[in-house]
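One structure is given here, and the rest of the page talks about it.
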Amino acid sequence: MLTFQPWKIILVGFVCLLGLVYAAPNAMDRGFGDDFPSWVPGKQVSLGLDLQGGSHLLLEVEVAVVIEERLEAIVDETRRALRQAGIGYLRLGVRDGAARFRVREAADRERAVEVVSNLPSASSGFGGATGSFGGVPGGSFGSPTAVEVDDAGEVSISLTESAASEARTAALQQSIEIVRRRIDETGVREPTIQRQGEDRILVQLPGVDDPDRIKELLGQTAKLTFHEVDTAASVQQALAGRVPPGRRLVPAANAGAGEQTHYIIHRRVTVSGDRLVDSQPTFDQNRPVVSFRFDATGGRLFGRFTSEHVNEPFAILLDGEVISAPVIQQPILGGSGIITGRFTVQEVQDLSLLLRAGALPAPLVVLEERTVGPGLGADSIEAGKIAALVGVIGVAIFMVVSYGLFGLMANAALMFNIVLIVGALSALQATLTLPGIAGIVLTVGMAVDANVLIFERIREEILQGRTPSTAIDAGYKRAITTIIDSNLTTLFAATFLYSFGSGPIKGFAVTLAIGIVTSMFTAIMVTRLMVVLWLRRSRPAALPI
Amino acid sequence: MFKPVRLVPPGTKVPFVANRKIAFVLSALLIIGSIGSFLTLGLNFGIDFRGGTLIEVRTPEPADIPAMRDQLSGLNLGEVAIQEFGGPTDVLIRIQRQEGAEREQMRAIDVVKETLGPQIDYRRVEFVGPTVGAELIQAGMLAVGLALLSILVYIWFRFEWQFGVGAIAALVHDIITTIGLFALIQHEFNLATVAAVLTIAGYSINDTVVVYDRVRESLRRYKTMPLPDVFNLAINETLSRTTMTSITTLLALFAIYFFGGEVLADFALAMIWGVIVGTYSSIFIAVPLLLFTDVRRGDDEDEERAVAVPEYERTEGGT
């Protein structure tokens, strides 16, 4: 144990130097090295949101809504197809996770099954009927729907498991994209938006200490649709529960006194918001309004519709509420227009932002929020620094008092240990959290354990009458297995903490694990190197331990 | 250079094993007390596990907590706990989980912010929905369970099974009494406390392993010495190391407790208790328990020895 080949000395020196190089930028002002290329060792430790301040949001995409919508679309298609084929049906609607209906005449049953098996939705890939799935490649082979007839003669059309899971994945991916676009529009710097699990999105917003506006923006699906208004049907009757088939009763958003509170619209979407290419807040007759522009297809659809329905009202729906129902004065052929309504300037800005960013395929729910203001973050860093300083000084004094010269060497190793931890955190770009600082301080206390074990062993060997060099040799040899045994168990605990912990706790596990590895290295290699060099140089007759 | 101070002078012989009955009675009382307070008082679960909202605010003037309590209790949000947090201007507000889904919870935050007004600095807002809370409980229990299991497997692999039993007994002792302490003082039991419990597990085992290593070594060296004497010798020989390491770790932990800020204080408190009780249990529980298992004294035909004993010890065995 006392022979140190030159290459080993170089290796130990190299590792310590590397640690210094990586740790050094952290002594500079915050933000130093941010612009360095990634391979240059000039990065500072990245601080967790609890230290730099910021907001952590865990969102859930209500993917069930997407499935529900697809089934609704299938119901619409089924209605049309059955009418066209002249098949009488009963009780058509979405129930228990499937589109269901009964055939009036048992003789028609087989034909009905054939008809619904050939719906546009049933062909491979997604039909155009639902619109919001336009961007999804139809990757699955075979029909995405399964048609069954039960003993009671009820026909059910359900999505196959693969089609449903494809729809869920697509909805999640699309949601992430929309969330990213909306957050980018607000100008938050360096947001992290990650998929988590089957239906979740993790959003981290550094520097945001009041996420209310963002939560508000993310809380709306912002699904914009244009519908024909059925002026012939009676709103009173519809409110009483008699809505004509193919029509929908929808409320008006902030209706003023004496204004219409509900509208009856055609279920069929004339043009939908995913045809929008741009939207801006602007003014019309001194009122804040939202301008919009369709893409070519949308413009054509809208132009045709407005040409055919001059002097009739149409409804603009946002998330199921009528925000505006103007009467068409003349055909709108340019593919662009404005939405007027009872808007404030802020609302107009938000609405145009949401329309630009696109609609969410399903509503989002905030499952978890952790927001730390910049004041608390800075205080935590300060407190962490003081705790670390006090801890290190206390331990260092105690080591010198207990082991004299050897204690000094252990302290030197301890300093290298801290440098290596900070260097490793910077190099790995691991996130330092408040519990992470606790992990470092705790490691300082526990790191000297390896040296304590060795020094105690050396003392015992001396008591048994060994010479200094054989005592040191035996001390190291015998202590090493114990050191490895005891550190491995703590490493296990850290691993499980990392696997199951969340956020700040993960940070604790990381620093604890790094600290264990570096403290073993510094205790076994760095102190030993110092002890050996000292031994070679001074050749003591007795050890000052 | 000066002569180093030795906390435990060489040749110390404290009769730890002989007094094991006192320790067993004390530990039994501790465990009964812990389970008792756990069952009667229960743990004060934080929002991590129970779901709910936590808001830390700083007021411009020293906070008028009773007035705040009056303001917020009229909001129909259910149980609202308000306490000073570290200083007279810092206040921690805890709002119980609201009836209904996540959306209702978010509304509670808005209502509180509206009521308290804009002159207050919101230092921290944490909200955990019921779904995530349930998952965090599950993940926490799984983490503790798997950590214990892996430690057990490791000990069983490195030592004979008798040592594994003793180590796990000491470990469970430490964990139960830590949980008992939190039930007794009713400090918040949250994710950080689970992290502390896991770290205590690591520390406790670390400490036990060091003493066990020496027990195993002494068992081979002193083959004719009665078991209690071998055990006591091993404890005394490692006593210096045990106290040294406990003291340095405690030094670091006290630094966190007093200077690390309010958020870390409870974490440090759990760890301080864990280190003290972990050190105690390694000496008074883990080793004496070996007397009740049939420890082998390391015969040469022992197969496990080839794994357990490093080469140098076998060559030097006779000296």
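The values are calculated or read from the model by the stated rules, or taken from the named source; none is laboratory data. Remember, predicted model here, so these are calculated numbers, not experimental data. Note that each Cβ is placed from the backbone with ideal geometry, even for glycine, and that neighbours are counted across all protein chains shown.
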key: Residue among A:Val532, A:Val517 that alone is away from every other protein chain (no Cβ under 11 Å) and closer than 25 Å to B:Ala252 by Cα   = A:Val517
request  = Scan B:Ile151, B:Ile137 and give me the residue that is in contact (Cβ under 8 Å) with a residue 12 or more places away in the chain, in a helix (DSSP H, G or I), more than 7 Å from chain A (Cβ to nearest Cβ) and not basic (Lys, Arg).
outcome  = B:Ile137
ask   = Mind checking whether some residue in the stretch A:350-365 is surrounded by fewer than 19 Cβ atoms within 10 Å (Cβ to Cβ) and part of a helix (DSSP H, G or I)?
value = yes
request  = Filter the stretch A:10-45 down to residues that are at pLDDT 85 or above, small (Gly, Ala, Ser) and closer than 18 Å to A:Ala430 by Cβ, then give me how many there are.
outcome  = 3
task = Could you check, for the stretch A:510-525, whether at least one of its residues is surrounded by 24 or more Cβ atoms within 10 Å (Cβ to Cβ), within 36 Å of the chain's Cα centre (by Cα), farther than 18 Å from A:Met399 by Cβ and without any contact (Cβ under 8 Å) to a residue 60 or more places away in the chain?
result = no
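Any residue at all in the stretch B:170-181 that is modelled with pLDDT of 90 or more and hydroxyl-bearing (Ser, Thr, Tyr)?
Yes: one or more hits.
Each row is one residue, and each column tells you yes or no for (1) out of contact with any Gly (no Cβ under 7 Å at 6 or more places or on another chain); (2) away from chain B (no Cβ under 14 Å).
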| site | (1), (2) |
| --- | --- |
| A:Pro191 | yes, yes |
| A:Asp199 | yes, no |
| A:Pro206 | no, yes |
| A:Asp210 | yes, no |
| A:Leu217 | yes, no |
| A:Gln220 | yes, no |
| A:Phe226 | yes, yes |
| A:Val235 | yes, yes |
key: Candidates B:Thr208, B:Thr193 - the one that is more than 26 Å from B:Leu54 (Cα to Cα), crowded, with 22+ Cβ neighbours inside 10 Å and more than 7 Å from chain A (Cβ to nearest Cβ)   = B:Thr208
task = Could you run through the stretch B:76-89 and say how many residues are part of a loop (DSSP other than H, G, I, E, B), in contact with a helix residue (DSSP H, G or I) (Cβ under 7 Å, 6 or more places away or on another chain) and either over 26 Å from B:Ala134 (Cβ atoms) or of a type in the set (D, E, K, R) (or both)?
result = 2
key: Answer residue from the stretch A:471-500, given it is over 14 Å from B:Ala147 (Cα atoms) and hydroxyl-bearing (Ser, Thr, Tyr) and is farthest from the other protein chains (Cβ to nearest Cβ) among those   = A:Tyr476
ask   = Out of B:Phe38, B:Phe2, B:Phe85, which single residue is free of Cβ contacts under 8 Å to residues at least 60 places away in the same chain, among the aromatic types (Phe, Trp, Tyr) and out of contact with any Cys (no Cβ under 9 Å at 6 or more places or on another chain)?
value = B:Phe2
request  = Can you give me the number of residues within the stretch B:252-262 that are assigned to a helix (DSSP H, G or I) and surrounded by 24 or more Cβ atoms within 10 Å (Cβ to Cβ)?
outcome  = 4
query = Name the residues in the stretch B:204-242 that are of a type in the set (S, T, N, Q) and within 17 Å of B:Val295 (Cα to Cα), would you?
reply = B:Thr208, B:Ser218, B:Thr224, B:Asn232
note = Subset of the stretch B:148-165, residues surrounded by fewer than 18 Cβ atoms within 10 Å (Cβ to Cβ) and of a type in the set (Gly, Ala, Ser), comes to B:Ser150
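Residue by residue, here is whether (1) surrounded by 24 or more Cβ atoms within 10 Å (Cβ to Cβ); (2) more than 8 Å from every other protein chain (Cβ to nearest Cβ); (3) within 32 Å of the chain's Cα centre (by Cα); (4) farther than 17 Å from B:Ala252 by Cα holds:
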| residue | (1), (2), (3), (4) |
| --- | --- |
| A:Val390 | no, no, no, no |
| A:Phe398 | no, no, no, no |
| A:Ala413 | yes, yes, no, no |
| A:Val422 | yes, yes, yes, yes |
| A:Leu428 | no, yes, yes, yes |
| A:Thr431 | no, yes, yes, yes |
| A:Pro435 | yes, no, yes, no |
| A:Leu442 | yes, no, yes, no |
ask   = Of all residues in the stretch B:190-231, which are basic (Lys, Arg) and either in contact with a Leu (Cβ under 7 Å, 6 or more places away or on another chain) or within 11 Å of B:Arg297 (Cβ to Cβ) (or both)?
value = B:Arg216, B:Arg220, B:Arg221, B:Lys223
query = If you check A:Leu529, A:Leu533, A:Leu543, which single one turns out to be assigned to a loop (DSSP other than H, G, I, E, B) and not small (Gly, Ala, Ser)?
reply = A:Leu543
request  = Considering (1) in a helix (DSSP H, G or I); (2) within 45 Å of the chain's Cα centre (by Cα); (3) not hydroxyl-bearing (Ser, Thr, Tyr), say which one A:Arg370 fails and leave the rest.
outcome  = (1)
request  = Can you confirm whether the stretch B:236-243 contains a residue that is of a type in the set (A, V, I, L, M, F, W, C), within 12 Å of chain A (Cβ to nearest Cβ) and surrounded by 24 or more Cβ atoms within 10 Å (Cβ to Cβ)?
outcome  = no
request  = Would you mention how many residues in the stretch A:371-388 are within 7 Å of chain B (Cβ to nearest Cβ), in contact (Cβ under 8 Å) with a residue 40 or more places away in the chain and surrounded by fewer than 24 Cβ atoms within 10 Å (Cβ to Cβ)?
outcome  = 2
query = Hey, among B:Ala143, B:Ala108, B:Ala183, which residue is within 13 Å of chain A (Cβ to nearest Cβ), buried (at least 17 other Cβ atoms within 10 Å of the Cβ), under 26 Å from the mean Cα position of the chain (by Cα) and assigned to a helix (DSSP H, G or I)?
reply = B:Ala143
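Based on this model, can you work out whether A:Leu59 counts as under 30 Å from A:Val372 (Cα atoms), in contact (Cβ under 8 Å) with a residue 24 or more places away in the chain and of a type outside the set (Asp, Glu)?
Details: under 30 Å from A:Val372 (Cα atoms): yes; in contact (Cβ under 8 Å) with a residue 24 or more places away in the chain: yes; of a type outside the set (Asp, Glu): yes.
In short, yes.
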key: Check on B:Tyr203, over 13 Å from A:Thr482 (Cβ atoms) and within 8 Å of another protein chain (Cβ to nearest Cβ)   = yes
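To keep it simple, each residue is scored yes or no on (1) surrounded by 15 or more Cβ atoms within 10 Å (Cβ to Cβ); (2) within 27 Å of the chain's Cα centre (by Cα).
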{"site": "A:Met28", "(1), (2)": "no, no"}
{"site": "A:Gln44", "(1), (2)": "yes, yes"}
{"site": "A:Val61", "(1), (2)": "yes, yes"}
{"site": "A:Glu68", "(1), (2)": "no, yes"}
{"site": "A:Ala81", "(1), (2)": "yes, no"}
message = Of all residues being modelled with pLDDT of 90 or more and among the β-branched types (Val, Ile, Thr) in the stretch B:29-52, which is surrounded by the fewest Cβ atoms within 10 Å (Cβ to Cβ)? Just the residue, please.
response = B:Thr40
key: Hits in the stretch B:117-132 (condition: modelled with pLDDT of 85 or more and more than 9 Å from chain A (Cβ to nearest Cβ))   = B:Ile120
inquiry  = If the requirement is being modelled with pLDDT of 90 or more, closer than 30 Å to B:Ala134 by Cα and not small (Gly, Ala, Ser), which of these qualifies: B:Leu26, B:Leu72, B:Leu92?
reply    = B:Leu92
